[in-house]
Every structure is written in C-alpha cells, then in structure tokens.
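The values are calculated or read from the model by the stated rules, or taken from the named source; none is laboratory data. Remember, it's a predicted structure, so these values are computed and weren't measured experimentally. Counting neighbours? That spans all protein chains shown, and the Cβs are built from the backbone with ideal geometry, glycine included. Note: areas computed on protein heavy atoms with side chains; ligands, DNA, RNA excluded. Shrake-Rupley method; radii C 1.70, N 1.55, O 1.52, S 1.80 Å.
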Amino acid sequence: MKKHIIYLLVSVFTLLSNMALISCSDDDVADANDVLVVKSVLPIKVMEGQVVTIAGTGLEKATSVVFPGNVSVNNITKVGNGYISVITPAGISAEGGTVTIEADGESAESVMALTVGKP
C-alpha cells in the first residue's frame, strides 16, 4: 500500500512540475529588449566628424539621432547588439545637451549631456 501512495505522490508531483514549467513564458523578456532606452553615449565631449557610440535597448529600430541644437542625423550604423554609431554633425549647440534617439514614433533621451570640444 505504501508503494502505491509513493508512486501516486511522485506522479502528481511530476504532473504539477510539468504544468508549472509549461506555463512559464519568455514573452516578458523579449518585450523588455524592444523598449527604446539610451543607456550611454560615448564620448561625451565631441567635435564635428567624430564617431559617437550609443548603447541601449531597442536601438535596432532607430531612424534618427538628434544632437543638441536640434541637429538630426539619419545615417546610423548598427555596431552590435544594443549599439549604434553616428558621425557628429556640424552645428551642434555650443552649450551642449542631451542626445535623443527617434524610432517608430518613439523617442528616448540620454541621461548624460554632451559637450562640444574645441581643437
């Protein structure tokens, strides 16, 4: 009789474990990586013609990068997973400011402010 109870308990435990594992989903993780977020911008002191690398999530759908002074750049290079690079354009505001990434009607602003270097 004890053998039957043990087999029954093992069977129930196995069934419940399988149900718990099957009900788990990776959808939340995939959606978190699609959110447009700017994590870092390097370097933070820039000059015209310099390459700027931007790290974050959702950057693969970026359509433009807006520098301080509302100067927009559309020539974006995907460097890797979560990284893009752009060439610093002319006409950036001398006071500096944040960089904004625009993608599919969304926008994300950098936390760090860029400053303009002088040669």
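Going from most exposed to least, what order do ILE76, ILE5, ILE22, ILE84 have by accessible area with a 1.4 Å probe?
Output order, biggest surface exposure first: ILE22, ILE5, ILE76, ILE84.
So in the range 37-116, what percent of DSSP beta bridges are antiparallel if you round to the nearest 5? Intermediate results must be reported in sequence, preceding the final value.
On the way: 24 of 26 bridges.
If we restrict to bridges inside the range 37-116, about 90 percent are antiparallel.
Between ASP34 and LEU8, what's the calculated FRET efficiency when r is the beta-carbon distance and R0 is 35 Å? Round to 0.05. Each step should come with its number before you reach the end.
On the way: r = 45 Å, r/R0 = 1.28.
With R0 = 35 Å, the Cβ-Cβ based efficiency is 0.20.
Considering only protein heavy atoms and a probe of 1.4 Å, how much of the accessible area of the range 37-116 is carbon and sulfur, as a whole percent?
Working: 2140 of 4170 Å².
Here carbon and sulfur together make up 51 percent of the probe-accessible area.
What spacing in nm lies between the two simple spin-label points modelled at THR53 and ASN75, each 7 Å away from Cα in the Cβ direction?
2.0 nm
Just the accessible area per residue of the range 28-119, please: how many Å² with a 1.4 Å probe?
Details: 5180 Å² over 92 residues.
Result: 56 Å² per residue.
Within the range 39-59, find all residues whose amide N lies under 17 Å from a label point positioned 7 Å from the Cα of TYR83 along Cα-to-beta-carbon.
Hits in the range 39-59 for TYR83 at 17 Å: 39-44, 51-59.
Assuming R0 = 30 Å, what is the FRET efficiency of GLU106 and LEU42, from their Cβ-Cβ distance, to the nearest 0.05?
Working: r = 22 Å, r/R0 = 0.74.
Step by step, r from the Cβ atoms, then E = 0.85.
Give the lysines whose C-alpha is closer than 19 Å to that of LYS61, dropping any in the same chain fewer than 8 places away, or say none.
Answer for LYS61, where 19 Å is the Cα cut-off: LYS39, LYS78, listed by chain and number.
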